[in-house]
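**Student:** A single structure is presented below for examination.
The values are calculated or read from the model by the stated rules, or taken from the named source; none is laboratory data. Just so we're clear, the structure is a prediction, and the values are computed from it rather than from any experiment. When we count neighbours, we look across all protein chains shown, and the Cβ atoms used for this are built from the backbone with ideal geometry, even at glycine.
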Amino acid sequence: MKKRIHIFGASGSGTSSIGRAVCAQIGYQHFDSDHYLWLPTEEPFTVTRSPEEYIRLMGNDLTGNDQWILSGHVSFGLVDVYLPLYELVVFLYVPTDIRLERLKRREYERYGGEILPGGKRYENLSKFLEYAAGYDTETTLGRNLRKHENWLAGIQCPVLRITNDSFDKSVNALLEAIHA
C-alpha cells in the first residue's frame, strides 16, 4: 500500500479535489501545495512565502506524518529534497477547455459576481485564466506540460497518469494505485 503520494497537474485539473476525496475515504492527511506557497492575505494567492519558509512548512508536514497525499504543484528543484519520500506520483491531465470551465466555476462559487466583467476580481481572474490556458502551449512562464513531462522523466517511484476528466474515475484510479 502506498502511503506518501504526490498528485499534480495543471490548474483546474482537480488535484486538490481528488486528493481531499481520497484522503477522506482512506484516512490519510491531505496537504495542498498552495498552503505552503501562498501567505494568507485578504486577497488570496497574491503574496508568496519565502523559499525557506515554503520548504520548512512543507517538510514539517511531509516528514511528520506517515500517510499523506500532497496535491498541487510544487516548485521543482526547490523541494526535491522530499522526492525520496514519495511512494507514488500521480499526474492528472485534463484538456484545457474543461480545466478553464472548472476554474471559472470555482471562482464564481468563491466570489460570485465579483468575477464578472466590471467586478473587482474580473481582471485578476482573466489574467489567471490566460496563464492556465498556456499550460499545453508553453506560453506560460510557470508550470507547463513540457516542464511536467521533463520532471516526470526523472521520478524514481511509480508514476500513475490519469488522463480523463471524470472525478469519480480519477478517484477510483488513485485508490486502486494506492492499494496495488
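**Student:** Do we have any residue at all in segment 47-58 that's touching a strand residue (DSSP E or B) at 6+ places or on another chain (Cβ under 9 Å) and closer than 28 Å to ILE162 by Cα? Quick ask: steps written out before the conclusion?
**Tutor:** Applying the first criterion (touching a strand residue (DSSP E or B) at 6+ places or on another chain (Cβ under 9 Å)) to segment 47-58 yields 47-49, 54, 58.
Filter once more, keeping what is closer than 28 Å to ILE162 by Cα: 54, 58.
The answer is yes; a qualifying residue exists.
**Student:** Please count how many residues of segment 65-100 are surrounded by 20 or more Cβ atoms within 10 Å (Cβ to Cβ), in a loop (DSSP other than H, G, I, E, B) and among the small types (Gly, Ala, Ser).
**Tutor:** Adding up the residues that qualify gives 1.
**Student:** Still on this structure, please answer the following. Need pairs with beta-carbon distance below 8 Å; first residue within 30 Å of GLU114 (Cβ to Cβ) and within segment 44-67, second polar (S, T, N, Q); sequence gap 6+ or separate chains.
**Tutor:** Matching pairs, first to second residue: VAL47/THR41; TYR54/THR48; TYR54/SER75.
**Student:** Same structure again: Does segment 38-61 contain any residue that is assigned to a loop (DSSP other than H, G, I, E, B), modelled with pLDDT under 95, of a type outside the set (Gly, Ala, Ser) and surrounded by 15 or more Cβ atoms within 10 Å (Cβ to Cβ)?
**Tutor:** Scanning segment 38-61 turns up at least one residue that is assigned to a loop (DSSP other than H, G, I, E, B), modelled with pLDDT under 95, of a type outside the set (Gly, Ala, Ser) and surrounded by 15 or more Cβ atoms within 10 Å (Cβ to Cβ).
**Student:** Which number in (1) of a type in the set (S, T, N, Q); (2) surrounded by 11 or more Cβ atoms within 10 Å (Cβ to Cβ); (3) in a loop (DSSP other than H, G, I, E, B) marks the one condition that SER126 misses?
**Tutor:** With respect to (1) of a type in the set (S, T, N, Q); (2) surrounded by 11 or more Cβ atoms within 10 Å (Cβ to Cβ); (3) in a loop (DSSP other than H, G, I, E, B), SER126 is out only on (3).
**Student:** Something else: Quick one: GLY19 ticks every box in (1) crowded, with 16+ Cβ neighbours inside 10 Å; (2) outside any helix (DSSP H, G or I); (3) at pLDDT 95 or above except a single one, so which number is it?
**Tutor:** Condition not satisfied by GLY19: (2).
**Student:** Here is a follow-up. Just the residues that are loosely packed, with under 15 Cβ neighbours inside 10 Å and in contact (Cβ under 8 Å) with a residue 24 or more places away in the chain, please, taken from segment 143-158. Can you show your working first?
**Tutor:** Taking segment 143-158 and keeping what is loosely packed, with under 15 Cβ neighbours inside 10 Å, we get 146, 149-150, 152-156, 158.
Residues satisfying the conditions are LEU152, ILE155, GLN156, PRO158.
**Student:** Any residue at all in segment 154-174 that is more than 17 Å from THR15 (Cα to Cα), among the small types (Gly, Ala, Ser) and assigned to a helix (DSSP H, G or I)? Lay out the reasoning, then the answer.
**Tutor:** At the first step, the residues of segment 154-174 found to be more than 17 Å from THR15 (Cα to Cα) are 154-158.
Imposing the further condition that a residue be among the small types (Gly, Ala, Ser) reduces the set to 154.
Within this subset, residues satisfying the condition of being assigned to a helix (DSSP H, G or I) are none.
Within segment 154-174, none of the residues are more than 17 Å from THR15 (Cα to Cα), among the small types (Gly, Ala, Ser) and assigned to a helix (DSSP H, G or I).
**Student:** Of the residues GLU149, GLU138, which is modelled with pLDDT under 95 and under 16 Å from ARG99 (Cβ atoms)?
**Tutor:** Details: GLU149 fails: under 16 Å from ARG99 (Cβ atoms).
Being modelled with pLDDT under 95 and under 16 Å from ARG99 (Cβ atoms) holds for just one of GLU149, GLU138, which is GLU138.
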